[in-house]
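So the structure is just underneath, and the comments pick up after that.
The values are calculated or read from the model by the stated rules, or taken from the named source; none is laboratory data. Since this is a predicted model, take the numbers as computed values, not measurements. Note: ideal-geometry Cβ built from the backbone for every residue, glycine included; neighbour counts use all protein chains shown.
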Amino acid sequence: MTDPAAEGSRASRLPRRRAARRPTSSETVDADVTLIGNVALRNRAFGFVSVEPGRLIGNRAEQNGAGFRTERVSDITGKIARNNVGAGFVVEPATRLDLVHDNVARGNGGDGFQVILPRDRSVGTLSSNHAINNLGHGLHVVDGFGQGLVAPTATITGNTAFRNGGGDLADDTDCRFALWVANRFGTAAQPCIH
C-alpha cells in the first residue's frame, strides 16, 4: 500500500495485534517505512519503536510496557498512547521535536511524554501534544548527555497537560536546555515553565 503523500516511500499496514506476547509490536529500521493507522496492544516492552527515520502517523499503542519510543523519527503525528504500564511516549535525544506533534498520552502508568534532551545541539520545538490523566508527569523533560550549550536546545510550546499524578509539566534541567512558552497546564514543577 503506497502513501501518496510520501513519494517514493513504502507504507506498511500491520494487522491489529490483540494479545501478542512480544517485546515490541512494530519496530521501524528502514528509512522508507511509513506506518499508518496500526494498533499495538499488550506488548511487554513497547508498542512501537522507531530507530531510523520514517513516518508513524495515526497509530495507537494501548496496554503495552510503554507506548512509543522514538530514536530518530521523521514524523510522529496523530498518535494515541493509552493505558500503557509505563510512559506513553519516550522521545530519545536524536529525535527532531518539531516533527513530534498532535499526539495524545492518556491514562498511562508513567509519564505521558518523557523527552530526553541532548545538551550538545538544538532539536527543535515540541508542540500541540496532549497529556491527560497519566500517573507520572504529563510532559517531563529529562537531562540527556553531552557537553552542553549555553542556549536551550528545545522549545516546548502549545502543549496541553492536565490531571497528571506526578504533576502536569516537569523539567529535570531546571529549564537550562528547554524554553517553555504558552503551554496549557494545571501544575508545573519549576517556576520557569510557562
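Computed values, structure above
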quantity	calculated
Considering residues of segment 45-68 that are closer than 10 Å to Gly88 by Cα and aliphatic (A, V, I, L, M) only, the residue surrounded by the fewest Cβ atoms within 10 Å (Cβ to Cβ)	Ala66
Subset of segment 150-164 (residues that are over 11 Å from Phe185 (Cβ atoms), under 18 Å from the mean Cα position of the chain (by Cα) and surrounded by fewer than 16 Cβ atoms within 10 Å (Cβ to Cβ))	Thr157, Gly158
Count - residues of segment 49-78 that are modelled with pLDDT under 95 and farther than 16 Å from Ile116 by Cβ	9
Failed item in (1) β-branched (Val, Ile, Thr); (2) over 13 Å from Ala161 (Cα atoms); (3) surrounded by fewer than 24 Cβ atoms within 10 Å (Cβ to Cβ); (4) more than 10 Å from the chain's Cα centre (by Cα), with Val90 passing the rest	(4)
Pair list, Cβ < 8 Å and 6+ apart or interchain, from segment 128-146 residues that are surrounded by fewer than 16 Cβ atoms within 10 Å (Cβ to Cβ) to residues that are modelled with pLDDT under 95 and basic (Lys, Arg)	Phe145/Arg119; Gly146/Arg119; Gly146/Arg121
Elements of type strands (runs of 3 or more DSSP E) in segment 83-194, at least 1 residues being among the β-branched types (Val, Ile, Thr)	89-91, 104-106, 113-117, 124-127, 130-132, 139-143, 154-157, 160-162, 178-181
Subset of segment 171-182 [under 21 Å from Ser128 (Cβ atoms) and touching a residue at least 40 places away in the same chain (Cβ under 8 Å)]	Phe177, Ala178
Among the candidates Thr173, Thr95, Thr157, Thr153, residue that is at pLDDT 95 or above and more than 20 Å from Asn84 (Cα to Cα)	Thr157
Those residues of segment 45-82 which are part of a loop (DSSP other than H, G, I, E, B) and under 20 Å from Gly165 (Cα atoms), in sequence order	Gln63, Asn64, Gly65
Residue within segment 14-28 that is modelled with pLDDT of 95 or more and surrounded by 23 or more Cβ atoms within 10 Å (Cβ to Cβ) present	no
Which listed residue is under 20 Å from Ala45 (Cα atoms), among the acidic types (Asp, Glu) and either buried (at least 17 other Cβ atoms within 10 Å of the Cβ) or in contact with a helix residue (DSSP H, G or I) (Cβ under 9 Å, 6 or more places away or on another chain) (or both), from Asp111, Asp75	Asp111
